[in-house]
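No value in this document is a laboratory result; all are computed from the given coordinates. If you're wondering where the values come from, they're calculated on a predicted model, not measured in any experiment. Backbone-built Cβ (ideal geometry, glycine too); neighbour counts: all protein chains shown.
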Amino acid sequence: MRTQDYAGQAVLKAKTEHWLATIRNTVAPRPHLEPHVPSCVLLVVDMLRYFVSPEGRSYLPAATPIVPNVVALIRAWRRTGGPVVFTRHCHEGPHDLGMLGKFFSDYIRCGEPDSALVPGVEPREDEPVFRKTTYDAFLGTGLEDHLRSRGVSQVLVTGVLTHMCVETTARSAFCRGFEVFVAADATASSRETFHLHALMSMADSVAVVFGTEEILEKVGGTGRALGAKSG
C-alpha cells in the first residue's frame, strides 16, 4: 500500500478545517441530523497495530495523529453513557479471505500482534469487539442485531481506512436505516486524496461529517480534541 503522511500532529487541526470547509461548500447542510447520546453508538473501526503502529506491516502515517481524537471520543461516550463498539479485522486463514485474497497480497492473521488494537483504544469488558473479514462491519458480524437490541438509531464512525472500511460501513449503516455521522479527524486513509474524496462522497450521500471538537461540544463530552485551544 502506497502511503502518504498527509496529516501530521502539527497540521491536523488546519487540515480538518480545510476538509470541513471543502465539504460544506460543496454539500447541502443537514442541520436536522445531529448525534444524540445514548441513541448513537461510537463505532471504532479497525484501529489495529497493523495500520496504526509504526511497526505495523501496513502502517498509515496519518493514522497516528488521529489516536488522541478517537480516545477523546471514547472517553466522552463513556462519560455520557453512550454505547461504544469496536471492530477488529482479521482472518483465520486463506479460506476466509474472499475477494480480499484476490485483491491484496497480505492479510491480517487473527492472533498475530498486528491484529491487536493499539494502546489507548482498548475496549472495556462491557464493550464488544466484532471480528470482520471484509470492509463492511455489518456483514456477517451480528453488529446490527447488537445495536437494535440496545435501541441504537445512530452510528458515529471512526477509524481506518476512510475510503475502505469506514466508507463501506457508513453506507451499510445508512442502508439499514441508521442515521450516520463520520468524524473527519478521527478517521484516516493512506492518502489525503482518498480521505477527502471519501468524506465528500459520504457527506453527499449517507453521512454528516463533523470534526471531533464539534462532536464533543454537541454531545456534552468534556474530552478535548487534538489541536483544540485551551481555556
Sole residue being within 17 Å of residue 64 (Cα to Cα) and under 11 Å from the mean Cα position of the chain (by Cα), chosen from 170, 188: 188
Residue identified as over 22 Å from residue 120 (Cβ atoms) and hydrophobic (A, V, I, L, M, F, W, C) among 14, 62, 10: 14
Residue tally, condition loosely packed, with under 13 Cβ neighbours inside 10 Å and touching a Ser or Thr at 6+ places or on another chain (Cβ under 8 Å), over the stretch 2-32: 1
Yes/no for residue 76 being surrounded by fewer than 19 Cβ atoms within 10 Å (Cβ to Cβ) and among the aliphatic types (A, V, I, L, M): no
Those residues of the stretch 101-117 which are outside any loop (DSSP other than H, G, I, E, B), surrounded by fewer than 17 Cβ atoms within 10 Å (Cβ to Cβ) and of a type in the set (A, V, I, L, M, F, W, C), in sequence order: 103
Residue ID - nearest to residue 212 (Cα to Cα), chosen from residues in the stretch 74-92 that are free of Cβ contacts under 8 Å to residues at least 60 places away in the same chain and out of contact with any Phe, Trp or Tyr (no Cβ under 6 Å at 6 or more places or on another chain): 74
Lone unmet requirement of (1) more than 19 Å from residue 89 (Cα to Cα); (2) touching a residue at least 60 places away in the same chain (Cβ under 8 Å); (3) not β-branched (Val, Ile, Thr) for residue 194: (2)
Lone qualifier among 187, 168 - being under 18 Å from residue 11 (Cα atoms), in contact (Cβ under 8 Å) with a residue 12 or more places away in the chain and out of contact with any Cys (no Cβ under 7 Å at 6 or more places or on another chain): 187
Only listed residue being in contact (Cβ under 8 Å) with a residue 40 or more places away in the chain and surrounded by fewer than 22 Cβ atoms within 10 Å (Cβ to Cβ), chosen from 45, 52, 41, 71: 71
